[in-house]
Amino acid sequence: MMAQKVSKLLSYWLRHSPDAGNLTLDGSGWAKVESVKASLAREGIDSALLEPTVAESDKQRFELSDDGTRIRARQGHSVSVDLSWPITTPPEFLYHGTIERFLEAIFSEGLKPMTRHHVHLSPDAETAARVGARRGPAVILRVAAGRMANQSLIFRLASNGVWLTDTVPPRFIEQV
């Protein structure tokens, strides 16, 4: 339960509100680990929980720098950062988990990043189901990523296997 609290704080601080954690992000979204640990301590949380929370996160939302002195969220930011994920050719299909109440808007307007920088897509339906289930019973959408790429739409691949794109027009989306 404590790891979940640490993960939620890290998500908030490193994706949306570094000021709330007394953190400074560089242009690539990195914060100093020592600063994050100090912020956790101010919240009454044992700072030794940071590394295990990052390592054991099922979605691998965060990454530590090779030397272990910096940490960042891999994607999902609403603050301006340049993560420099490589442009990559996607597989034929990718998946997106959502809930039923968003379907009408998705099928009329497509998938949009909303408050994030990119639309997040999963490599398989099972992962998309876990993501979609956070808000209720999941609905899985299949995205014709290969067709999108053939029409010059750009995909990036984050280091945790999440696919990122600017938008997904409705013509490329079908319900599984």
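Each value in this text was obtained by applying a stated rule to the coordinates, not by laboratory testing. Remember, predicted model here, so these are calculated numbers, not experimental data. So basically every Cβ, Gly included, is an ideal-geometry build from the backbone, and we count neighbours across all protein chains shown.
Close amide H partners of Phe155, meaning residues 5 or more places away or on another chain with modelled amide H under 5 Å apart, are Thr88.
I need the shape label for region 122-166. Rule: rounded when a/c is under 1.5, else prolate if a/b > b/c, else oblate, with a, b, c from the alpha carbon gyration tensor.
On the way: a/c = 2.72, a/b = 1.75, b/c = 1.55.
It comes out prolate by the Cα gyration axes.
Would you kindly calculate the mean projected area, averaged across all directions, of the convex hull enclosing the Cα atoms of the chain, in square nanometres?
Working: hull surface 41.0 nm².
Mean projected area of the Cα convex hull: 10.3 nm².
Which net charge results for the neighbourhood of Ser17, defined as the other residues with beta-carbon distances under 15 angstrom from its beta-carbon, given Lys and Arg at +1 and Asp and Glu at -1? Spell out each step's value before the answer.
Values: positive: Lys8, Arg15, Arg42, Arg72, Arg116; negative: Asp19, Glu43.
Result for the local shell: +3.
When a/c reaches 1.5 or more, the comparison of a/b and b/c decides; with that in mind, is region 94-175 rounded, prolate or oblate per its Cα gyration tensor? Note, shape of region 94-175 comes out oblate.
Is the shape of region 72-118 rounded, prolate or oblate, going by the alpha carbon gyration tensor and its root eigenvalues a ≥ b ≥ c, with a/c under 1.5 for rounded and a/b larger than b/c for prolate?
Numbers: a/c = 2.48, a/b = 1.41, b/c = 1.75.
In terms of gyration-tensor shape, oblate.
Tell me, how many Å apart are the Cα centres for region 117-138 and for region 65-114? After rounding, the separation between the Cα centres reads 10 Å. If you take every residue apart from Arg74 with its C-beta less than 10 Å away from the C-beta of Arg74, what net charge results, scoring Lys and Arg +1 and Asp and Glu -1? My count for the surroundings of Arg74 gives +3.
Cβ crowding within 10 Å ranks Ser47, Ser39, Ser65, Ser108 as Ser108, Ser65, Ser47, Ser39, fewest other Cβ atoms first.
Restricting to DSSP loop positions (anything but H, G, I, E, B) with no more than 15 other Cβ atoms inside 10 Å of their own Cβ, which trypsin sites (Lys or Arg not before Pro) remain in region 84-151? Taking region 84-151 and a limit of 15 other Cβ atoms within 10 Å, the loop trypsin sites (Lys or Arg not before Pro) found are Arg116. Simple spin-label estimate for Ala105 and Val79 gives 2.5 nm between the two label positions (7 Å along the Cα-to-Cβ direction from each Cα). Given labels modelled 7 Å from the Cα in the Cβ direction, how far is it in nm from Gln4 to Asp26? It works out to 3.4 nm between the two label points.
Evaluated with a Cβ-only charge set (Lys, Arg +1; Asp, Glu -1), the chain carries a dipole of roughly 340 debye about its Cα centre, given to the nearest 20.
For region 2-73, just list the percent of Cα-Cα distances falling in each 10 Å bin from zero outward, please. Cα pair-distance distribution for region 2-73, in percent: 22, 63, 16.
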